[in-house]
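The structure that follows is given in the form of structure tokens.
The values are calculated or read from the model by the stated rules, or taken from the named source; none is laboratory data. Just so you know, these numbers come straight off a predicted model, no measurement behind them. All Cβ positions, glycine included, derive from the backbone under ideal geometry; neighbour counts span all protein chains shown. Areas reflect the complete protein model, heavy atoms only, side chains present, ligands, DNA and RNA absent. Shrake-Rupley method; radii C 1.70, N 1.55, O 1.52, S 1.80 Å.
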Amino acid sequence: MKLKHGTKTFDAVSLGQNIVVLTAGFVYVGNVFEAEDYIFVTDASNIRRSGTTRGFGELRTGPTKQTVLDPCGMLVVPKSQVLHYIPCVGFVA
């Protein structure tokens, strides 16, 4: 898939829907693509409140009733800022 960031177009590889844990405690969910030194998260939402009692792994099958998401469109992040991914389903169509 081709994705654009600024004036550059990237050939990106899909990693599917994931929860993305970044440095400084930021956590997002969406469709993840890798391209060169970046990840792109499309249909992204910030997970403001997980609403879980056993950690983010509980969100693998979608949000709980207590989960609070803040939609933010597309997120572009240097790969160096990614701590880990949690594959998931049920957040975006």
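Scan (1) within 16 Å of residue 89 (Cβ to Cβ); (2) assigned to a strand (DSSP E or B); (3) of a type in the set (A, V, I, L, M) for the single condition residue 3 breaks and write down its number.
Only one criterion in (1) within 16 Å of residue 89 (Cβ to Cβ); (2) assigned to a strand (DSSP E or B); (3) of a type in the set (A, V, I, L, M) is unmet by residue 3, namely (1).
Of all residues in segment 27-64, how many are more than 22 Å from residue 79 (Cβ to Cβ) and in contact with a helix residue (DSSP H, G or I) (Cβ under 8 Å, 6 or more places away or on another chain)?
Residues meeting the conditions: 3.
Sort out which residues of segment 25-49 are touching a residue at least 12 places away in the same chain (Cβ under 8 Å) and open to solvent by 30 Å² or more (accessible area, probe 1.4 Å), and write them in order of number.
26, 28, 31, 34, 36, 37, 38, 43, 46, 48, 49
Please verify whether residue 20 is touching a residue at least 60 places away in the same chain (Cβ under 8 Å) and either closer than 15 Å to residue 78 by Cα or hydroxyl-bearing (Ser, Thr, Tyr) (or both), treating the condition exactly as stated.
So residue 20 passes the test.
Still on this model: Restricting the search to segment 50-93, which residues are in contact with a Lys or Arg (Cβ under 8 Å, 6 or more places away or on another chain), of a type outside the set (A, V, I, L, M) and either surrounded by 13 or more Cβ atoms within 10 Å (Cβ to Cβ) or in a strand (DSSP E or B) (or both)? First the steps, then the outcome.
First, pick out the residues of segment 50-93 that are in contact with a Lys or Arg (Cβ under 8 Å, 6 or more places away or on another chain): 51, 66-70, 86-89.
Now narrow it down to the ones that are of a type outside the set (A, V, I, L, M): 51, 66-67, 70, 87-88.
Result: 51, 67, 70, 87, 88.
Counting only residues that are closer than 11 Å to residue 39 by Cα and surrounded by 12 or more Cβ atoms within 10 Å (Cβ to Cβ), which one in segment 6-17 is nearest to the chain's Cα centre (by Cα)?
Per the criteria, the residue is 15.
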